[in-house]
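Participant: Below is the structure I would like to discuss, written out as structure tokens.
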Ligand code: GAR
């Protein structure tokens, strides 16, 4: 049976697209039941529409608290019997409400070799630091910022002074590593 997942994203959604394409190629036995975004105008919404996948777009500011918007999400995910939450560029800390409803069932991808360079603009942080090798990490999510047990990592050589090319390498690696790691996780 296909594993039911929800993909959370705040931006362009290239990881979401890579996951959905892997599903359609039959490489990943999963079904994206819902895309959740905290940025209603982000490009991931267009991508989800193109695939005919339902979207829950919310604006955090219009809720009283993190607990309130997360409780609504939990209820939507329960209705759809979602088993795993897949964070793909979701730039918001996951709170207690989601963490306790999906304990050890939330996975994240981050564009660095964690624990180096957590948080925003990990690629910029790595290049500013002058590292020669950076990479990609997939991990289970806990209450911290890009922390939690590491599931997989891959290294990428930094292209000196060339952010665009470094970024392209990282994103290409993300799209492969995320699908591969999710496959292993769902087959357990
Ligand atoms: C990806 O590089 C992902 O690793 C990163 O956001 C980007 C989203 O790209 N996530 C984080 O930095 C999490 N702290 P996408 O919207 O094209 O998938």
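Participant: Tell me, yes or no, whether segment 104-118 has at least one residue that is closer than 19 Å to residue 4 by Cβ, touching a strand residue (DSSP E or B) at 6+ places or on another chain (Cβ under 9 Å), part of a loop (DSSP other than H, G, I, E, B) and more than 11 Å from the ligand (Cβ to nearest atom).
Facilitator: Yes - at least one qualifying residue is present in segment 104-118.
Participant: Let me ask something else. Out of segment 33-53, which residues are part of a strand (DSSP E or B) and within 15 Å of the ligand (Cβ to nearest atom)?
Facilitator: 35, 36, 37, listed by residue number.
Participant: Identify, from the list 19, 73, the residue that is away from the ligand (no atom under 16 Å from the Cβ), part of a helix (DSSP H, G or I) and buried (at least 19 other Cβ atoms within 10 Å of the Cβ).
Facilitator: One residue alone meets the criteria, 73.
Participant: Here is a further query. If you scan segment 1-16, which residues turn out to be surrounded by fewer than 20 Cβ atoms within 10 Å (Cβ to Cβ) and modelled with pLDDT of 95 or more?
Facilitator: 2, 3, 4, 10, 11, 12, 14
Participant: Right, another one. Looking at (1) touching a residue at least 40 places away in the same chain (Cβ under 8 Å); (2) within 13 Å of the ligand (Cβ to nearest atom); (3) crowded, with 17+ Cβ neighbours inside 10 Å; (4) within 14 Å of the chain's Cα centre (by Cα), which is the one condition that is false for residue 151?
Facilitator: Of (1) touching a residue at least 40 places away in the same chain (Cβ under 8 Å); (2) within 13 Å of the ligand (Cβ to nearest atom); (3) crowded, with 17+ Cβ neighbours inside 10 Å; (4) within 14 Å of the chain's Cα centre (by Cα), only one is false for residue 151: (2).
Participant: For segment 119-136, enumerate the residues that are in contact with a helix residue (DSSP H, G or I) (Cβ under 8 Å, 6 or more places away or on another chain), more than 10 Å from the ligand (Cβ to nearest atom) and either farther than 20 Å from residue 164 by Cβ or in a strand (DSSP E or B) (or both).
Facilitator: 134, 135
Participant: Please work out if residue 94 is in a loop (DSSP other than H, G, I, E, B), touching a residue at least 60 places away in the same chain (Cβ under 8 Å) and crowded, with 19+ Cβ neighbours inside 10 Å.
Facilitator: No, not satisfied.
Participant: Anything in segment 162-183 that is touching a residue at least 12 places away in the same chain (Cβ under 8 Å) and away from the ligand (no atom under 14 Å from the Cβ)? List them, or say none.
Facilitator: 180, 183
The values are calculated or read from the model by the stated rules, or taken from the named source; none is laboratory data. Model, not experiment: these values are computed from the prediction. Cβ: placed from backbone, ideal geometry, glycine included. Neighbour counts: every protein chain shown.
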